[in-house]
Amino acid sequence: MTIAQRDDVVLRHGTTDDLEAVQAIATACWMPIFASFRQLVGEAIFAEVWGGDPPSWIEQRRQHYERWLREKPESIWVLDRAGELLGFVTFNIDPAKGLGTLNTNGVRPDLRGQSWGTFMYRVVLQHFRDLGLVTATVQTGLDDSHAPARRAYEAAGFRANTPMVNYYLDLRESH
């Protein structure tokens, strides 16, 4: 079912047939992010938190999307050009709070700068409005590897933010 269309690309509900392509896009998008995390927190903490090498986070993400497609298929949308996936977005809706949350998402890195992320986010935000939600939120990193995501969120209209930082401590070291 087509949710929205731009040129020859449709935004539609994801299916289990999309799992491999969603995983490939997510991995390509997050390789630089996890490389940044590794550099920022160091090898020991990175290995404990994200699995080191081989990167177990790839398998964790695959399981995450498999679960999402099984449990919340209405909340994962994919960009599709004639059967080729270009990107995806997942979201949660909390009607009691009037809150919509953009969750994990990504666009193939070779398509960066073509506003496909912004297109998806704007459609999801309109969906939130149509449902009567009053607030939308998204969380992203402040490191350089998240700069493309921040640009896309800002282009979609997100403005207010609460800068945050995650601190890590290797408890095996004495302090």
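Structure notes:
- Restricting region 103-136 to residues that are in a strand (DSSP E or B) and touching a Gly at 6+ places or on another chain (Cβ under 8 Å), the residue that is nearest to Trp68 (Cα to Cα): Asn105
- Qualifying residue in region 85-102 (condition: within 25 Å of Asp8 (Cα to Cα) and over 13 Å from the mean Cα position of the chain (by Cα)): yes
- Residues in region 130-146 that are small (Gly, Ala, Ser) and surrounded by 13 or more Cβ atoms within 10 Å (Cβ to Cβ) were compared, and the one that is modelled with the highest pLDDT is Ala136.
- Matching residues in region 74-107 - criterion: being at pLDDT 95 or above, over 19 Å from Val134 (Cα atoms), buried (at least 19 other Cβ atoms within 10 Å of the Cβ) and not hydrophobic (A, V, I, L, M, F, W, C): Asp80, Gly87
- All positions within region 60-73 that are modelled with pLDDT under 85 and either over 12 Å from Leu19 (Cα atoms) or part of a loop (DSSP other than H, G, I, E, B) (or both): Gln60
- If the condition is being free of Cβ contacts under 8 Å to residues at least 24 places away in the same chain and part of a loop (DSSP other than H, G, I, E, B), then region 1-52 contributes Met1, Asp7, Gly51, Gly52.
- Contacts under 8 angstrom Cβ, first residue in region 81-102 being assigned to a loop (DSSP other than H, G, I, E, B), partner hydrophobic (A, V, I, L, M, F, W, C) and surrounded by fewer than 19 Cβ atoms within 10 Å (Cβ to Cβ), 6 or more apart: Pro95/Leu131; Pro95/Leu133; Gly98/Leu133; Gly98/Val134
The values are calculated or read from the model by the stated rules, or taken from the named source; none is laboratory data. Note that the structure is a prediction, hence the values are computed from the model and not measured. Quick reminder, even Gly has a Cβ in these numbers, built from the backbone with ideal geometry, and neighbours come from all protein chains shown.
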